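Below is one structure, written out as structure tokens; the observations come after it.
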Amino acid sequence: MEFLRFGSSIPGSYWGCCAMDIIQNFKVYPDAKVSIQIVNGDGGTPQTNSKGQALFVGMTYKEVFLHRLRFGTFSTSNMPNHGFLAILTQWQLENSPGKEWLEILKEQGFEFIRTVDNSVYSGDYTIKEAGEGCTSAHPNYLFGLFRNIGNGAIKDPFTPPKAWTDLAAVVPEAWENIPDGVELNTAVQKVQLEVYKKLPSSKFYTEDEVEKAGVTVTYAGLRSLRPQETKSKRQSKEGKDKLIKTKSNAFPAPVSASVSIPVTASA
């Protein structure tokens, strides 16, 4: 189970938006044991307690999921104004563990947004006329939680910004069929508040506590050594790597020396 800041990766230091998370990998069972290290969303620095011990959440995928719904991927602070997106396939809706996650999405206030076919399977040809070709064998269902119950909540989240509506209309949009966005938002907020109050309080564990509980310790992911970058920057890094490797070969480390390799994983 992996939560990523929209357009980013864990840890941060990228161009992601901290207002929205994307949830991936619904192929794990909600009650399966797991832990995940909590890091700062911008720099990737581990969040710690007063003793400087790294913090983890767990001890099951569902518990991790519910904690992420409380504070996202940015810090350990509550985020009552936040968005989450998730996609499940038709097969997942009909089989475990996907159908169990669908129930969890529903009870946590997620809304159905739209169904999208996957052209990886259906091919690259278009329909001849509108209304044809509606026989998708690989529907993907997009769900979202648009939680809008904190200070600074949006009064009408269903109406687009004026900068958008000032542009010439191109396709019919769903929001045009909402008679009163403020009224609908009030009704949604009433339910969101109750659902949010039922989320478990933040509970963090140290690495020792996770191990004593018999749960595998999972460290947060580390930034890729080769992120998207310019050709000149990539070549400069590769040149430095070759230089370091050459020096390392010239002066081999003693046999007794040990190297600590960080373990990377995602929750």
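Looking only at the stretch 13-57, which residues are loosely packed, with under 13 Cβ neighbours inside 10 Å and in a strand (DSSP E or B)?
Matches in the stretch 13-57: 17 only.
Please find, within the stretch 120-150, the residue that is surrounded by the fewest Cβ atoms within 10 Å (Cβ to Cβ) out of those that are outside any loop (DSSP other than H, G, I, E, B) and of a type in the set (Ser, Thr, Tyr).
Pass one, the stretch 120-150, residues outside any loop (DSSP other than H, G, I, E, B): 120-122, 139-148.
Those left that are additionally of a type in the set (Ser, Thr, Tyr): 121-122, 141.
Details: 121: 9, 122: 13, 141: 18.
Selected residue: 121.
Mind checking whether some residue in the stretch 160-182 is among the charged types (D, E, K, R), assigned to a loop (DSSP other than H, G, I, E, B) and within 17 Å of residue 83 (Cα to Cα)? It would help to see each step written out before you state the result.
First, pick out the residues of the stretch 160-182 that are among the charged types (D, E, K, R): 162, 166, 173, 176, 180.
From the residues that got through so far, the ones that are assigned to a loop (DSSP other than H, G, I, E, B) too are 166, 173, 180.
Retained after the next criterion (residues that are within 17 Å of residue 83 (Cα to Cα)): none.
No.
Where the second residue is in a loop (DSSP other than H, G, I, E, B) and surrounded by 10 or more Cβ atoms within 10 Å (Cβ to Cβ) and the first is touching a residue at least 12 places away in the same chain (Cβ under 8 Å) and hydroxyl-bearing (Ser, Thr, Tyr) and lies in the stretch 108-132, which pairs have Cβ atoms under 7 Å and are six or more apart or on separate chains?
As it stands, the answer is 121/138; 122/136; 122/138, since those pairs meet every condition given.
So, in the stretch 100-119, how many residues would count as being assigned to a loop (DSSP other than H, G, I, E, B) and either closer than 19 Å to residue 32 by Cα or at pLDDT below 95 (or both)?
As a first pass, look at the stretch 100-119 and keep what is assigned to a loop (DSSP other than H, G, I, E, B): 108-110, 118.
When the remaining residues are screened for being either closer than 19 Å to residue 32 by Cα or at pLDDT below 95 (or both), the result is 118.
The qualifying residues number 1.
Would you mind telling me which numbered condition in (1) touching a residue at least 24 places away in the same chain (Cβ under 8 Å); (2) within 30 Å of residue 137 (Cα to Cα); (3) of a type outside the set (Ser, Thr, Tyr); (4) in contact with a Gly (Cβ under 8 Å, 6 or more places away or on another chain) residue 105 fails?
Among (1) touching a residue at least 24 places away in the same chain (Cβ under 8 Å); (2) within 30 Å of residue 137 (Cα to Cα); (3) of a type outside the set (Ser, Thr, Tyr); (4) in contact with a Gly (Cβ under 8 Å, 6 or more places away or on another chain), residue 105 violates only (4).
Residues in the stretch 77-99 that are loosely packed, with under 15 Cβ neighbours inside 10 Å, of a type outside the set (A, V, I, L, M), touching a residue at least 12 places away in the same chain (Cβ under 8 Å) and in a helix (DSSP H, G or I): how many?
Summing the residues that are loosely packed, with under 15 Cβ neighbours inside 10 Å, of a type outside the set (A, V, I, L, M), touching a residue at least 12 places away in the same chain (Cβ under 8 Å) and in a helix (DSSP H, G or I) in the stretch 77-99 gives 0.
In the stretch 133-150, how many residues are within 25 Å of the chain's Cα centre (by Cα) and either closer than 30 Å to residue 98 by Cβ or without any contact (Cβ under 8 Å) to a residue 24 or more places away in the chain (or both)? Before you say what the answer is, go through the steps one by one.
Start the filter on the stretch 133-150 by keeping residues that are within 25 Å of the chain's Cα centre (by Cα), which leaves 138-150.
Still in the running and either closer than 30 Å to residue 98 by Cβ or without any contact (Cβ under 8 Å) to a residue 24 or more places away in the chain (or both): 138-149.
Of the residues in that region, 12 qualify.
Does the stretch 196-219 contain any residue that is in contact (Cβ under 8 Å) with a residue 60 or more places away in the chain and on the phi > 0 side of the Ramachandran plot?
Yes, that holds for at least one residue.
Being under 28 Å from residue 99 (Cβ atoms), polar (S, T, N, Q) and modelled with pLDDT of 95 or more, is that true of even one residue in the stretch 48-56?
Checked against the condition, which is being under 28 Å from residue 99 (Cβ atoms), polar (S, T, N, Q) and modelled with pLDDT of 95 or more, the stretch 48-56 yields no hits at all.
Take the residues of the stretch 210-242 that are part of a loop (DSSP other than H, G, I, E, B) and basic (Lys, Arg): which is nearest to residue 43 (Cα to Cα)? Don't jump to the end; show me each part of the working.
Of the residues in the stretch 210-242, the ones part of a loop (DSSP other than H, G, I, E, B) are 213-230.
Next, only the ones that are basic (Lys, Arg) stay: 223, 226.
On the way: 223: 10, 226: 17 Å.
Here the residue is 223.
Limited to the stretch 139-158, what total is found for residues that are under 21 Å from residue 89 (Cα atoms) and of a type in the set (Gly, Ala, Ser)?
1
The values are calculated or read from the model by the stated rules, or taken from the named source; none is laboratory data. Since we're looking at a predicted model, the values are computed, not measured. A quick note on method: Cβ atoms are made from the backbone with ideal geometry, for glycine too, and the neighbour counts reach across all protein chains shown.
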